[in-house]
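Q: To start, I am sharing the structure in question, which I have written as structure tokens.
The values are calculated or read from the model by the stated rules, or taken from the named source; none is laboratory data. In this text, all values refer to a predicted model and were calculated from it rather than measured experimentally. With ideal geometry, Cβ positions are generated from the backbone for all residues, glycine too; neighbour counts draw on all protein chains shown.
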Amino acid sequence: MLYSLYEWNQMALAPWRISAAQGAQMLRSPLNPLHEFLPTKISAASMEMFEALTRNYPRPQWNLPNFEIGTQKIPVEIETICDKPFGQLLHFARDPKALAKARGGHGGPDPRVFIVAPMSGHYVTLLKKTVLALLPEHEVYITDWADAREVPLSEGRFDLNSFTDYVIEFTHMVGPKAHILAVCQPGPSVLAAVAYMAAHEDPALPASMTFMGSPIDARKSPTVTNRLAEKQPFEWFAQNMIYTVPPPHRGVLRRVYPGWLQLMSFMSMNPDRHIASHWDYFKFMVDGEEAKAKRHRKFYDEYFAVCDMTEEFYLQTIRDVFQEYKLPKGRFEHCGEVIDPGVITNVALMTVEGGLDDISGIGQTQAAHDLCVNIPDDMQLDYIQPDAGHYGVFSGSKWREQICPKYAEFIRRFFNVKQERAIRRQMEVAPLAVIEGGKKARA
């Protein structure tokens with residue numbers, strides 16, 4: 001019922017929202033003789049603020065710019081390698097001729113990096129800066145998770161184990177000796193997937209796995225998010241966080257954890273910061289500081305764009321990761337088997353944490369080293385960026401200038417050009433896996 005009320009409220013506000021947007025445009029028009037007066041600017045800014053705070057934000061587009069190597073611009077095209085009901089595998093295909101020209105005739109190959117994006121309320125484009133920093137020296141793949149409210153009930157359920165299955169299938173599509181990079185939420189599933197593959201001697205086993213700000217063991221340095229999960233019983237989340245998708249969405253009647261509800265939770269963690277940010281935005285508009293206002297809009301257009309998670313995925317994550325700590329306690333199961341990270345022996349391991357992370361506290365990601373007891377020491381690296389928060393670990397100047405170069409240096413230690421060329425030739429002749437229903441198409 002609450003979801004329907006939310007949708008009705010959005011529809012009821014639509015005429016007011018349109019009027020506010022048009023009113024602000026008219027007040028700011030140079031044809032308005034009063035457009036430079038302070039009362040006019042305040043009125044226009046108020047209308048723009050109302051419109052921004054009441055609209056539904058659509059799925060953001062990638063809009064990737066051409067990246068540069070030296071003075072050479074390298075075009076990028078997004079390929080959909082595999083398309084499944086609850087997610088896609090995307091490939092950022094760099095123009096090979098431009099790449100070779102920028103490198104004096106040598107176009108690669110480069111390490112294949114498979115980014116497993118979080119399924120935690122935001123769209124994958126939140127990792128745009130993560131991708132841009134990697135593109136000059138890496139062949140980049142990424143997961144693009146579906147919005148559960150747009151997945152019909154006929155497609156079935158999707159839980160934490162389904163997520164792990166997708167990671168394994170997509171890893172096959174990327175190919176052996178790739179480098180998996182798990183950002184935040186997917187850490188436990190990615191570690192479980194690699195351990196499962198290692199236990200079954202899977203030929204698609206990656207060369208390395210990296211976890212960034214991931215709740216591998218959420219008992220360590222608990223944050224506000226962790227304390228909430230511990231404080232409330234499991235039944236409280238089932239009763240208060242799950243709602244039914246209303247029409248006209250394609251996933252009508254599917255039970256979900258709504259994205260807008262998660263957004264409210266995100267903002268409630270730092271309300272003062274968001275209030276101050278919007279007050280600054282209001283002043284930027286009044287003072288005519290368009291560049292600063294544009295930066296604010298760009299950030300919040302991404303931040304306010306949210307998607308739903310299936311009931312079963314959200315609740316199993318709460319129970320298994322944040323309440324019962326099944327992976328570090330040796331109780332996490334996949335396909336009827338107990339997952340043991342100790343079986344991993346020849347996959348390099350790197351962990352990255354932010355000293356100011358208020359979502360995944362220090363030690364939660366490091367715990368991967370304690371679980372992977374049979375990976376040689378010279379194949380492990382634990383790195384802490386002392387002045388980075390949660391998002392700073394994978395986006396922004398700290399990621400671009402300090403963390404990404406260290407990550408690139410680490411995985412290059414486990415990259416062999418001749419071996420990579422042989423793997424790519426073999427993958428072209430006989431791919432390791434054929435995903436039913438999958439397709440490869442230009443995006």
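Q: Out of the stretch 133-155, which residues are hydroxyl-bearing (Ser, Thr, Tyr), without any contact (Cβ under 8 Å) to a residue 60 or more places away in the chain and within 30 Å of residue 411 (Cβ to Cβ)?
A: If we filter the stretch 133-155 for residues that are hydroxyl-bearing (Ser, Thr, Tyr), which is where we start, we get 141, 143, 154.
If we keep only those that are without any contact (Cβ under 8 Å) to a residue 60 or more places away in the chain too, we end up with 143, 154.
Within the stretch 133-155, just 143 meets the criteria.
Q: Would you check if there is a residue in the stretch 101-109 being aliphatic (A, V, I, L, M), under 19 Å from residue 394 (Cα atoms) and either within 21 Å of the chain's Cα centre (by Cα) or crowded, with 19+ Cβ neighbours inside 10 Å (or both)?
A: Within the stretch 101-109, none of the residues are aliphatic (A, V, I, L, M), under 19 Å from residue 394 (Cα atoms) and either within 21 Å of the chain's Cα centre (by Cα) or crowded, with 19+ Cβ neighbours inside 10 Å (or both).
Q: With 188, 215, 222, 206 as the choices, which residue is under 24 Å from residue 371 (Cα atoms) and in contact with a His (Cβ under 7 Å, 6 or more places away or on another chain)?
A: 206
Q: Within the set of pairs 6 or more residues apart or between chains, which connect a residue that is farther than 15 Å from residue 339 by Cβ inside the stretch 158-181 to a residue that is outside any helix (DSSP H, G or I) and of a type in the set (D, E, K, R) with Cβ atoms less than 7 Å apart?
A: From the stretch 158-181, the pairs are 166/84; 174/112; 175/112; 178/112; 179/112.
Q: Give me a count of the residues in the stretch 350-389 that are touching a Phe, Trp or Tyr at 6+ places or on another chain (Cβ under 8 Å) and at pLDDT 95 or above.
A: Residues of the stretch 350-389 that are touching a Phe, Trp or Tyr at 6+ places or on another chain (Cβ under 8 Å), as a first pass: 350-353, 365, 368, 379, 381, 388.
Then drop every residue that is not at pLDDT 95 or above, which leaves 350-353, 365, 368, 379, 381.
Qualifying residue count for the region: 8.
Q: Could we say that residue 195 is under 19 Å from residue 415 (Cβ atoms) and touching a Pro at 6+ places or on another chain (Cβ under 6 Å) here?
A: Taking the combined requirement at face value, the residue does not satisfy it.
Q: Further question: Restrict the check to the stretch 107-115 and report whether at least one residue is at pLDDT 95 or above, assigned to a loop (DSSP other than H, G, I, E, B) and over 29 Å from residue 316 (Cβ atoms). Outline the logic, then answer.
A: Within the stretch 107-115, the first condition is being at pLDDT 95 or above, and the residues that meet it are 111-115.
Then drop every residue that is not assigned to a loop (DSSP other than H, G, I, E, B), which leaves 111.
Checking which are over 29 Å from residue 316 (Cβ atoms) leaves us with 111.
Yes; the residues of the stretch 107-115 include at least one that is at pLDDT 95 or above, assigned to a loop (DSSP other than H, G, I, E, B) and over 29 Å from residue 316 (Cβ atoms).
Q: Answer with yes or no whether residue 203 is without any contact (Cβ under 8 Å) to a residue 60 or more places away in the chain, on the phi < 0 side of the Ramachandran plot and either buried (at least 21 other Cβ atoms within 10 Å of the Cβ) or not in a helix (DSSP H, G or I) (or both).
A: Working: without any contact (Cβ under 8 Å) to a residue 60 or more places away in the chain: no; on the phi < 0 side of the Ramachandran plot: yes; either buried (at least 21 other Cβ atoms within 10 Å of the Cβ) or not in a helix (DSSP H, G or I) (or both): yes.
For residue 203, the condition - without any contact (Cβ under 8 Å) to a residue 60 or more places away in the chain, on the phi < 0 side of the Ramachandran plot and either buried (at least 21 other Cβ atoms within 10 Å of the Cβ) or not in a helix (DSSP H, G or I) (or both) - is not met.
Q: Can you name the helices (runs of 4 or more DSSP H) wholly within the stretch 278-397 that have at least 3 residues being within 20 Å of the chain's Cα centre (by Cα) and within 30 Å of residue 202 (Cβ to Cβ)?
A: Those helices (runs of 4 or more DSSP H) span 311-317.
Q: Pick from the stretch 218-234 the residues that are of a type in the set (Ser, Thr, Tyr) and outside any helix (DSSP H, G or I): which of them is surrounded by the fewest Cβ atoms within 10 Å (Cβ to Cβ)?
A: 221
Q: Examine the stretch 170-178 for a residue that is more than 18 Å from the chain's Cα centre (by Cα), of a type in the set (A, V, I, L, M) and farther than 29 Å from residue 405 by Cβ, and state whether such a residue exists.
A: For the stretch 170-178, residues more than 18 Å from the chain's Cα centre (by Cα), of a type in the set (A, V, I, L, M) and farther than 29 Å from residue 405 by Cβ: absent.
Let's see how each residue does on (1) modelled with pLDDT under 95; (2) under 17 Å from the mean Cα position of the chain (by Cα):
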position	(1), (2)
120	yes, yes
128	yes, yes
136	yes, no
160	no, yes
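Q: Next question, about the same structure. Looking at the stretch 192-245, which of the residues that are out of contact with any Leu (no Cβ under 9 Å at 6 or more places or on another chain) and among the aliphatic types (A, V, I, L, M) is farthest from residue 380 (Cα to Cα)?
A: 228
Q: What are the residues in the stretch 329-354 that are crowded, with 21+ Cβ neighbours inside 10 Å and not hydrophobic (A, V, I, L, M, F, W, C), if any?
A: Answer for the stretch 329-354, where residues must be crowded, with 21+ Cβ neighbours inside 10 Å and not hydrophobic (A, V, I, L, M, F, W, C): 341, 351, 353, 354.
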